[in-house]
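The numbers here are math on the coordinates, done by the rules we state, and not lab data. Computed from a predicted structure; not experimentally measured. Positions of Cβ are backbone-derived with ideal geometry, glycine not excepted, and every protein chain shown enters the neighbour counts.
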Amino acid sequence: MKNLNDQKRLIRLHQIVGADGILPICRSTVYEWIASGKFPAPIKLGPRVSAWKVSDIESFIAKMEAAND
């Protein structure tokens with residue numbers, strides 16, 4: 001079972017996308033997917049700061065992998 005703190009941990013977009021990120025996609029693709037409901041919506045931390053729950057991103061990746069099998 002995962003630690004509760006890991007499930008609540010937040011990560012920023014630069015940690016998710018790009019060459020060093022979890023997903024090899026660009027920022028604009030993420031925002032297109034959010035608008036279409038395909039990607040989890042971010043949590044607003046401030047007027048110009050957003051982050052995603054690690055558990056939401058892990059669920060998204062698992063769903064994408066299952067779709068490709």
| message | Let's test the formula: R0 of 22 Å, r as the Cβ-Cβ distance of Glu65 and Ser36. What FRET efficiency results, to the nearest 0.05? | response | 0.70
| said: Contact order normalised by length for the chain, with contacts defined as Cα pairs under 8 Å and 6 or more residues apart; what percent is it? | reply: 34
